[in-house]
Every structure is written in structure tokens, then in C-alpha cells.
Amino acid sequence: MARPRVRSGGGLAALAYTLRKGREAGGVISLYRRLRSNNACKTCALGMGGQSGGMVNEAGHFPEVCKKSIQAQAGDMARTISERFFARTPIAEMAAASAAEFERLGRLAFPVIAEEGDTHFRRISWDEALQRTVEALRDASPDQTFFYASGRSSNEAAYLLQLIARAYGTNNVHNCSYYCHAASGVALGKVYGSGTSSVVLDDLDRADLALVIGANPASNHPRLITKLINLRRRGGRVMVINPLRELGLEKFRVPSDWRSMLLGSKISDLYLQPHVGGDVALLKGILKALAEIDAVDTSFVSACTEGWEEVEKDLSASQWPELEAASGVTRAEMADAARMLASAERGISMWAMGLTHHVHGVDNVLALANLSLARGWLGNAGAGLLPIRGHSNVQGVGSCGVSPKLKAAFAEKMEEAYGFRMPTGEGQDTYSSMTAAHEGAIRACILLGGNLFASNPDRLWASNALRRIGMSCSITTKLNEGHVHGRGRTAVILPALARDEEAQATTQESMFNFVRLSDGGTPAVRGEMRSEVDIISSIAEGVLPSRVFDWSSLRSHSKLREEISKVVPGYAALGSIEDGGEFQIDGRTFHEPRFSTDHGRAVFHVTPLPDFDPAEGEFRLMTLRSEGQFNTVVYEEEDLYRGNSRRDVVMMSEEDARSLGVGEGDRVVVESETGSMVAVAAIAQIRPGSIAMYYPEANAIVPRRLDERSKTPAFKSICVKVRPLAETAQSVA
Ligand code: SF4
């Protein structure tokens, strides 16, 4: 079995890592200074920094920092890619580089281009780079283009990108959340009429139960673990639901907490391991068990909700053997979970891709919400629903309009403010833009940060799709696989300043709907990097007639904030954030049982068991992230908490390995309907019948199947066959 070299999450290993990263970044002091600057943390959306100072959370607590934040900051300070590298390194050679190797190249310091037939990227001047991008947009018609943003960009850049796209004439505008929490947005909209968290950070200090499902915050949102430890210290309990036993969700040592550091902190009180794809059945089983012990909060249900009767009927019709088989969890375990929920007063349920990355992702979130409603855990302090968001401003990018469909009020205000008619087309979401590209219908695209290529299912298809685009313009701080495998026939890549290098302040929205102001700072490396807003404004000036609007005025971030405050729902306070201070967005936090649905009540939903049942001999694959990565960015090949030193592994149970006749380190072939990969067996404490591989590499065998309601591809619940390589006549990769 893969043995992690650590016995808990965090701990001395985290401190040693920080020192190593500090040295790589040019010194621990300079790393510390940048982390302490008044800028929002660049990594996850839990939210640190801003005007309360770096390493400080919304509650004003210091120090709040983690390995993820340090990885991102150190990575921005390390080095720049030289012109010699591009001259000496053929694109074909770059194509063989791993995600981690791209990350280690360092910052992009000048614009580069690769035209059709070029064997190398070459340096290009800003003027020529912008001119080429403007020409491509001019030569195309708006419906032959799309505009994509990752969740690391600022509100100002996001707002400007969507404004320019619409003034240009297209609604083909979308962001990375389509491939992560779109299912949460759809489901929560159905439950309480708003697509984001119903709680704020403080609520985690009032809850006496946390249900963590389909997530591994120990690796991806480490400061959340401190909240779970404090909850347990207050006498509360933590329930974890995950097919894979995660070390950091069992024991963690918080470096800034001497007791935790010395003794280690227990995290989970109950750890349930369902089948991959067994969540709906499990959550229905727990709800059925709750009803059987009369632990449904009937007064809340009758006064503040709708739809319980239909759910109750469905539960009565659901037989225990069916729920046990579909979930992989026993009735007794479900009863234990129900008793734990029943013994708590205020519970917060939190989740991530483990729920949303399925064809039935929306139903997973609805089934979880049903549990909270049944306990009356919505619309009061210390209780609610918390989607654990990824990138530090993924919510802000969505709030500021980077989506194909704008709310009516938002669109009307845009027309009033800028004097042009909003495009009427339906607009493409991320997957439909990829499909259009694959059909050769996209002539130009603007990619603001991110790695659209690697975040797609079916890597070969994704590469073919993006390679068919006439011109791709990528705006980024560093290179990644997408700039090679996902580049247009002509590809321009423009170097951007990082958040703490911006000359003007920017703003970001956390997963708790709190908007921060980041001061910016000076570049950590030498180069020709420019701010995202500056780059987008330059493109706008070249493409859009100045008679419609003086686009250059939008180079001013405070001017952009004024615009946003006039147009974006809930953002009225943004215009005065520099004086009035950071703020909580109105109307998104529910501490009273009155919700944003038409009738003001929360809504239960019947969630049918998914039609997902692998055939005899097939396994249920889930792709996941490691402790050494954040989304598609891989900082370290080693996955410290799972004991894997390489990324081409397939984690399986001892029992399944035995049935396959393989052991730790043996090479196997994992095959799906989309393709197959050679991987190395890694024995893990995972539910038998379920296996796990790393995202984004394993996307090579992830089929293009979506949750039609969220348009999110299913990176989990994939039927695959596994067999020892030795058995296979020829290895397939
Ligand atoms: S938990 Fe998230 S927001 Fe907080 S320091 Fe870590 S990466 Fe940054």
C-alpha cells in the first residue's frame, strides 16, 4: 500500500515546505512580505488578505496561510522564461512536458506567437501581438468567437471582458465554473433562489456539526480544517463522506496552533465511504433514517419549505436493500449518520467536485440540500449550505457577467450605461464553445487565464477542437499545457501581471460572498507584463468603434468599479470600496428563513437514483486533485497525504488489486469508452469497486458526457475496465 511519509496533514512537513519554497522564491522574508501585502490570496476562494492585510481572514484572524497560498505566491516569484528557451525548444518538445514541468518554467515575461506551421514560439512586440489579435477579431463575425475566463482574474478584468464581448456582438462568454460548481449554482437556485453559499465564515464558528462530502479541504482549502478542529473543540462533530479515506480528513497538525501541532487534531467523527456515484442513494438513505427516528424538523418544514410531501413519498418507496446496493453503505452506517445529524442543532454541509462532477451532479447537491432542510438547517445562523469554491475569484468572475446569459436587470443596465443593444443570441457555455471549435466554427478566442484545454474531458478531442481555431489569444502569468496542446492555428500569448503586481487596486469575491480590495504592488520578476484590464482595453480600442463608448476610460480600475456598482446586482458598494471598505454582498446570506424563491420558501426536490451501474468486472472511476496541485496547476508531482510520488497512478483497494492479480507499482491499463491509459497501481483505502486517477491527466479517458442541467462534464462516475499491462498485447497510451 502507498504509505504517505507523513502521519497527518499539515505539521512539520508544511513548515519545511514553506522554507524550501521561500528559498526558491528568493528568500523567506520576501515571500513573507508578499504574503502579508494587502492582497487577496491568489489560490482558493476561502478568502484571505485584502485590506485586513495578507494572511488575515474575514474574521480578522492572523496568521491564516497554507501550502496552497505559498505554492502560488512562490511560483509567481521564482523566475522568468528566457527568449533562449523559446528559440531552443521546439513546440513538439514542449508538447511532451508535464503540467509540473510547465509550472517550473516560471513566468512569461514578454509576448510570444506561434503561427501555423511554426516549429517554435517566438518573441513578438506588444504592438504586433495586439494588432494580430484585433485583426483576428475584426476578420471574424462575433458568433465565430468566444471569450473565456478562469477564476483567478479580478472583478474589474472580468467585467470588462464580458462588456467588450457584448459590445463586439456575442454572448459566447463563459468561465471555468462551468466545469466545477455550475451544478451547485443550478441546484441552490432551485432550493433557495440564489446560487452561492447561504452562510458566511462566522457561521463556521457557530455550527455544531459539519458534513464534508465529495471534498478534500485538507489538500485544497487547508484553512477550512482549522474551522473543523475548532468546531470539534466546541463539542461539535464532523462527518466526512468520501469514497477515498483522506489522511488530512482524519488527522491534521495546524502549524499555527501549538496544541494541534504537538498532539495532532482528529478531524472526522464519522467517515462514510460510498461507491463513486453512490451519493444520491446514501443521502436519501440518511434522510430516510432521519425520518424513521422522527428527527425531521417538521415545524421548519411546514413553515418554511415546499415539496417535502413528494420527497417523503419517494423515501417510503425507496427500499433499504436498493439504497444499500446503490450507495455501497450499509443501513446501519446510514442510521449512525442520521443519529449524528439528529444530535446536532446547527449543521453546515459543504462539498466540492466530488458531488458536482457527475452526470447527476445537480441531483447530488439537491439530495444534500434535502438533508439540511429536513433538519431545519437553512435560514439561521450557524447552519446552511456551503459549496467549497475553487479559484480565489471564481464567484466574482461569474457575478461580474462572464456567462452566456445575463440576468435581465443586468442586461438592461448595461444597455442604459453603454448605449448599445445587447446581443440576442443564446450564447455558448464552455462545452458548447468547445463543440463549435471542434466543428471548425470558431475563428478566434480570448482566453483570460486558466487552462481550458486541460480542464476538458477527452484530451485528444479537446486538443483537436482548440487547434482548429484560427487565432487564440491567451492572457496568462505562466505557460501551461493548454498553450501548446490547446493553441489556435495562430497563437498569441500575452504576459499578465499577477494580482499583487497590479499598479491599480483590484477586487475579488470569496465563496462567502465577501468582496475584498487588493492593493496590488510591484512586479516580483522583471519583464513586459501588463495588467489584464490594460490588455483587454487595448484589444477593445482596436476592435470597437470609439463613437459607442470611450473604451480607454475603462483602463481605470476605480472607473470600472463605478461601472460595476451601477450594473451588477449586489455590487452597489463596490464603487466606494476604497473609502467604504470591503463588504458582504446583499441578499445572498440567509440568516432568516425567508429565501429568494418566488414564494420565499425553500424547496425540497425528489432525487431519483442515477442510472449508473457498471457492468460485471467494470470499475467506477473518479478523477481527483492531489495535495501538490491546485486545479490544473501542478506544483509538485508528489501527493504527500496519499503517499504517491508520481501522477500516472490508479488508486485501488487491496481487494480489487488482488482480484486483478496486481500489486503496488504494477502497470495496468485503464480503459473507458473514450480511450485507455497505462497507469501504475497504487493501493489505497478506497471503496472496493471504485478507483481514482489524477485530474487533469486522466481526462484523456474521460468521456464527453455532461449533466444537461449544469453543462458540467462528468469527471467522475466513469465506467472503466482495468487489466494488468502484462496481459495486454500492446501497451496503449
Ligand atoms: S485556505 Fe485558501 S484562501 Fe486560505 S490561505 Fe489557503 S489557499 Fe489561501
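The values are calculated or read from the model by the stated rules, or taken from the named source; none is laboratory data. These numbers come from a predicted model, not from an experiment. All Cβ positions, glycine included, derive from the backbone under ideal geometry; neighbour counts span all protein chains shown. Protein only, heavy atoms only, side chains kept; ligands, DNA and RNA dropped before computing areas. Shrake-Rupley method; radii C 1.70, N 1.55, O 1.52, S 1.80 Å.
For the range 339-431, the C-alpha radius of gyration divided by 2.2 N^0.38 Å, with N the number of residues, is 1.48. Note on Ala100 and Ala572: with the Förster distance fixed at 60 Å, the Cβ-Cβ geometry gives a FRET efficiency of about 0.90.
Calculated on C-alpha atoms, the gyration radius of the range 112-169 divided by its Kirkwood radius gives an Rg/Rh of 1.02.
Under 14 Å of direct C-alpha separation, and excluding same-chain neighbours fewer than eight residues apart, Lys313 reaches these aspartates and glutamates: Glu292. Each peptide in 520-528, 557-565 receives the mean, over its residues, of other Cβ atoms within 10 Å, and ordering these scores from highest gives 557-565, 520-528.
Diagonalising the gyration tensor over the Cα atoms of the range 619-732 and scaling each eigenvalue by 5 before taking the square root yields semi-axes of 21, 18, 13 Å, largest first. Sorting Cys400, Cys66 on solvent-accessible area from highest to lowest, probe radius 1.4 Å, gives Cys66, Cys400.
The alpha-carbon atoms of the range 1-51 define a convex hull whose volume equals 116 cubic angstrom per residue.
In this structure, Thr89 and Glu116 have a Cβ-Cβ separation that, at R0 = 22 Å, corresponds to a calculated FRET efficiency of about 0.70. When only alpha carbons of the range 44-99 are considered, Rg and Dmax amount to 17.6, 50 Å.
Once you have the Kirkwood Rh of the range 446-571 from its Cα pairs, apply Stokes-Einstein at 25 °C and 0.890 mPa s and quote D in µm²/s. Translational D for this selection: 149 µm²/s. A straight chain from Ser302 to Ala408 at 0.36 nm per residue would run longer than the Cα-Cα distance by 34.9 nm. Compared with the alpha-carbon gap, the fully stretched path from Leu19 to Glu528 is longer by 180.3 nm at 0.36 nm per residue. Translational diffusion of the range 33-134 was estimated from the Stokes-Einstein equation, with Rh taken as the Kirkwood radius over Cα pairs; at 25 °C and 0.890 mPa s the coefficient is 151 µm²/s.
Could you grab the Rg to Rh ratio for the range 605-678? Cα atoms only, Kirkwood for Rh. Across the range 605-678, the Cα-based Rg/Rh ratio is 1.03.
Note that the range 696-705 has calculated 3J(HN,Hα) couplings of x, 4, 6, 4, 4, 10, 8, x, 8, 10 Hz, one per residue in order, obtained from phi through the Karplus relation 6.51 cos²θ - 1.76 cosθ + 1.60 (θ = phi - 60°); glycine and proline are x. Taking a straight line from the alpha carbon of Lys42, these lysines sit under 25 Å away, with near neighbours fewer than eight places off in the same chain left out: Lys21, Lys67, Lys68, Lys227, Lys478, Lys559. Equivalent-ellipsoid semi-axes for the range 498-566 (Cα gyration tensor, √(5λ), whole Å, largest first): 23, 19, 9. Extending 7 Å from the Cα toward the beta-carbon at both Ala726 and Val678 defines two label points whose distance is 1.5 nm. Estimated at the nearest 10 Å², the accessible area of Tyr418 is 10 Å² with a 1.4 Å probe. All distinct Cα pairs of the chain go into the 1/r average, and the inverse of that average, the Kirkwood radius, is 25.9 Å. With Cα atoms as the point set, the range 215-268 shows a radius of gyration and Dmax of 10.4, 31 Å. Against the compact-protein benchmark of 2.2 N^0.38 Å, the Cα-based radius of gyration of the range 410-453 scales to 1.50.
Taking each DSSP H run with n ≥ 4 as -39500 (n - 2.57) and averaging over every residue of the chain yields -10000 deg cm²/dmol at 222 nm. Projected onto the charge dipole of the range 111-253 (+1 at Lys/Arg Cβ, -1 at Asp/Glu Cβ, origin at the Cα centre), which of Gly248, Pro217, His174 gives the Cα projection farthest towards the positive end? Toward the positive end, the furthest listed residue is Gly248.
Cα centroids of the range 266-280 and the range 157-218: 23 Å apart.
Taking label points 7 Å from Cα along the Cα-to-Cβ direction, Asp205 and Lys313 give a separation of 4.6 nm. Extending 7 Å from Cα along the Cβ direction at Glu416 and again at Asn230 yields two label points whose distance is 4.1 nm.
Averaging 1/r across all pairs of distinct Cα atoms in the range 509-607 and inverting the result yields a Kirkwood radius of 17.0 Å. Hull volume per residue, based on the alpha-carbon atoms of the range 182-388 and their convex hull, is 109 Å³. Once backbone amide H atoms are built at 1.01 Å from N, Lys478 has Leu108 as its partners under 5 Å, excluding neighbours fewer than 5 places away on the same chain.
Between Arg709 and Glu345, how high is the FRET efficiency from 1/(1 + (r/R0)^6) when r is the Cβ-Cβ distance and R₀ = 41 Å? Nearest 0.05. So, using R0 = 41 Å, E works out to roughly 0.80. For Leu209, nonlocal amide neighbours, meaning residues 5 or more places apart or on other chains whose placed amide H falls under 5 Å from its own, are Arg237, Arg346, Ile348.
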